[in-house]
1. If a residue must be assigned to a helix (DSSP H, G or I) and either touching a His at 6+ places or on another chain (Cβ under 6 Å) or more than 16 Å from His253 (Cα to Cα) (or both), how many such residues does segment 63-77 contain?
2. Right, Ser111: under 23 Å from Lys70 (Cα atoms) and touching a Lys or Arg at 6+ places or on another chain (Cβ under 7 Å) or not?
3. Can you pull out the residues in segment 335-349 that are more than 21 Å from the chain's Cα centre (by Cα) and closer than 16 Å to Leu307 by Cβ?
4. Which one of these is more than 20 Å from the chain's Cα centre (by Cα), among the basic types (Lys, Arg) and farther than 25 Å from Thr184 by Cβ: Lys70, Lys78, Lys56?
5. Would you point out the residue of segment 31-49, among those that are among the polar types (S, T, N, Q) and under 16 Å from Asn186 (Cα atoms), that is surrounded by the fewest Cβ atoms within 10 Å (Cβ to Cβ)?
6. Filter segment 151-171 down to the residues that are part of a helix (DSSP H, G or I) and either closer than 20 Å to Pro115 by Cβ or assigned by TED's automatic domain parsing to the domain that holds Met378 (or both) and list them by number.
7. Assigned by TED's automatic domain parsing to the domain that holds Trp114, among the small types (Gly, Ala, Ser) and either assigned to a loop (DSSP other than H, G, I, E, B) or free of Cβ contacts under 8 Å to residues at least 24 places away in the same chain (or both), is that true of Gly16?
8. If a residue counts only when it is of a type in the set (A, V, I, L, M) and over 26 Å from Lys166 (Cβ atoms), which helices (runs of 4 or more DSSP H) contained entirely in segment 280-374 have at least 1 such residues?
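The values are calculated or read from the model by the stated rules, or taken from the named source; none is laboratory data. Bear in mind that the values here come from a model prediction, so they are computed numbers and not experimental data. Cβ placement follows ideal geometry from the backbone for every residue including glycine, while neighbour counts extend to all protein chains displayed.
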Amino acid sequence: MIKRGGYRKKLRYRLGWWPHLPPKGSDKKRIWIQAVSVGELSSIQSLLQSFISDPKIEVVLSGTTSTGQKIAEEKYAKNVLAYGPFPLDWFPFSSLAWSRIQPDLAICVDSELWPEHMYQAKKREIPFFIVNARLSDRSFSRLSSMGIFQNLLIPHNLQILASSEKQRQRWIKIGLEDKKTFNTGNLKIDIAPYQPTITEKKNKKKEELGFPASSIVLVGISTWPGEEKILLECLEEIRDKKIDARLLLIPRHAERRESILENLNAFPFSFQQRTRPKENHKENLAYLADTTGELNELIQSADLAFLGKTLPPRHEGQNPIEPISIGLPLVIGPKCTNFSETCDELLHRGAVEQGNSPDEIKMIIIQLLQSETQREVMRNAGLKWRKEQGSPTLNAYKELQKYLA
């Protein structure tokens, strides 16, 4: 909290002092949805919209990070009953918040396990779900070894709407009953619709960033420390081959801008910083998108993407579905544990290339930047995979509706 900042706003909410909400009508149900940050909030975008559009449902939306709160305020402030920071998960704060919100259904997103929050639901006999539920290898290993303490984090009232069958089986192995787990699919599929970027739009986006329409744009998606330097080295090497490539950097945390600027200044590239636009931004070789919430728009300028948080010491990965859904060939590092099933399938389909070291990553990227044919094969493979997917949002909505009738 100290490192990220921005936690003083609405501090009373974190202490449980949510405002007193209007009494519930007899014909309405109230849902409390907790989404930690921007990623979790974006993954439930379609599901949240389904609830908001139902006149018989009231939505209370909470989050943990300041960036998540900012997005919630911008997108949903006018459409939900209330929104604010999630209360600290200790008895007095959680209990107070529950007494004020009084939901009929509680939902967390992805892999959130808040013991006191879940206990308050159990105490009040309120259905409690985790949607888009998943367990990383690390979390699965830890929970599997907790023994008798497992019940503290896996209460009997918990129900799981898993992001895949593999994930559903993991929840069962750590103690969930089979009848309380469902494979509804990855909700992030629905927020990234099958929507190939057309050439005219791509060229316009390039020009907005100061890149010529004819250039080949490499994008680093949600990059972490060390990954920007590797991509800058790729740009240097490919331009030495007289190929007009450009680099768009979209770091996972915009507040890292100063360290990324140090990397950019170490290379002989003209560049622009999004938060400090230039009047004349033509002919940028690199562009630093140091803002939040613009990834989906910005990546439409790209011809090839590298997926961040996949190179050591990081291994969790970022969401590959968004770039794949617009037709971006994708390069990843040795591991993407948070999206392992999706990445494995995309690798098998030929939509993703994987490198096991920084040098191998650079070799793959440089090879793909030189081969439009190979990029097109990967693009088509990814778009075909995306088109074949159903609607996980609809699956999840149907299961939740059983408790809202």
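1. Looking only at that region, the number is 5.
2. So Ser111 passes the test.
3. Arg349, the sole residue that qualifies.
4. The match here is Lys78.
5. Once the filter is applied, the top-ranked residue is Gln45.
6. Listed by number, the residues that qualify are Asn151, Leu152, Leu153, Arg170, Trp171.
7. yes
8. 295-298, 358-369
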